[in-house]
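Down below is the structure, laid out as structure tokens.
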Amino acid sequence: MTGFGRGEYKDDQYEIIVEIKSINHRYKDFFIKIPRQISMMEENIRRYVSEHISRGRVEVNIKLNKSNVSDKSLYLNNNLAQEYIECLNAIKNNFNEVTGDISLSLISRFPDIITTVEDEVDLEYLWKKIKPGLQDAVANTLKSRESEGDILKTDFEKRLQYITGYLDIIIKEAPNVTIEYKKRLEIKMREYTQAVELDEVRLLNEVAIFSDKVSVDEEITRLKSHIERFYTIMSEKEPVGRKIDFLIQEMNREINTIGSKSNSIDISNSVVDMKSELEKMREQIQNIE
């Protein structure tokens, strides 16, 4: 599911901004962007977010600013400087044509004499400052995702009502399939046995066999049960995306079976309409955790 959340933490030392963006994805996929000096915290961040978001592509971006205090120091390599001076003196002593003094500006220009070193970071101390912003960002992301979830739930309920309406048409029409078959069969049998009395027993046997083959009572019962289960699952507080995904597959199987058993135009039309609504639901299911 899509969502966005932001969290901040600020004191006299640090300003920390945490932004989380989640987008639709069938599985759980994390992308974490954090400053290099706290790269060792990536697993902590991933673990915390995973405890609250179980599905989707989740992007976590943390910005860390240190207030008034530099997190870098200058380092003077005395031994290396001494070696440079000795080398320059050796050149001056060995080559008379070389003139000039060995100056501070000259020495300081040589590489690695003065270098910048990042101060060691107390990760445990810094994690206590990052975590409040991360908590707020996760909470705001979940709130955003819940708002989208409410919209999707309303849409699913509407489509389930449509499917139930089409199913009512099938329930009403299903008995007529056998009745119409009996009429057609009786006409044909009378045509072929004009001079002979119609065998009512054989007619009833044929109708019974046909009725058993085209009966969709079991499929209707199971489909009703799946629809009721769908409503129940949507009321659960835990992640339900995979449950609904599986349930839609089962509903589709029952609808296909109903369509394959029936030669009624009204039932066939209702099957097409139900599958259309189910396909729209299947497209949205990837958005649900």
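The values are calculated or read from the model by the stated rules, or taken from the named source; none is laboratory data. Please read these numbers as outputs of a predicted model, since none were measured by experiment. Here the Cβ is made from the backbone with ideal geometry for all residues, glycine too, and neighbour counts use every protein chain on show. Quick note on the areas: whole protein, heavy atoms, side chains included, nothing else; ligands and nucleic acids left out. Shrake-Rupley method; radii C 1.70, N 1.55, O 1.52, S 1.80 Å.
Working only within region 34-55, note down all residues that are at pLDDT 90 or above and within 19 Å of the chain's Cα centre (by Cα).
Those that are at pLDDT 90 or above and within 19 Å of the chain's Cα centre (by Cα): Ile45, Arg46, Arg47, Tyr48, Val49.
Among Asn176, Asn205, which is at pLDDT 60 or above, loosely packed, with under 12 Cβ neighbours inside 10 Å and polar (S, T, N, Q)?
Testing whether each residue is at pLDDT 60 or above, loosely packed, with under 12 Cβ neighbours inside 10 Å and polar (S, T, N, Q) leaves just Asn205.
With the requirement that a residue be more than 22 Å from Glu238 (Cα to Cα) and either under 25 Å from the mean Cα position of the chain (by Cα) or surrounded by fewer than 18 Cβ atoms within 10 Å (Cβ to Cβ) (or both), what does region 4-24 give you? Steps first, please.
As a first pass, look at region 4-24 and keep what is more than 22 Å from Glu238 (Cα to Cα): 6-19.
Listed by number, the residues that qualify are Arg6, Gly7, Glu8, Lys10, Asp11, Asp12, Gln13, Tyr14, Glu15, Ile17, Val18, Glu19.
Taking the residues in region 252-289 that are closer than 30 Å to Gly3 by Cβ and without any contact (Cβ under 8 Å) to a residue 60 or more places away in the chain as candidates, determine which candidate is nearest to the chain's Cα centre (by Cα).
Filtering region 252-289 for residues that are closer than 30 Å to Gly3 by Cβ and without any contact (Cβ under 8 Å) to a residue 60 or more places away in the chain, the one nearest to the chain's Cα centre (by Cα) comes out as Ile285.
Please return the ranges of strands (runs of 3 or more DSSP E) entirely within region 25-106 where 1 or more residues are open to solvent by less than 80 Å² (accessible area, probe 1.4 Å) and in contact with a helix residue (DSSP H, G or I) (Cβ under 8 Å, 6 or more places away or on another chain).
28-33, 56-66
Determine which single condition Asp112 fails, assuming it passes every other condition in (1) assigned to a helix (DSSP H, G or I); (2) modelled with pLDDT of 80 or more; (3) over 31 Å from the mean Cα position of the chain (by Cα).
It is condition (1) that Asp112 fails.
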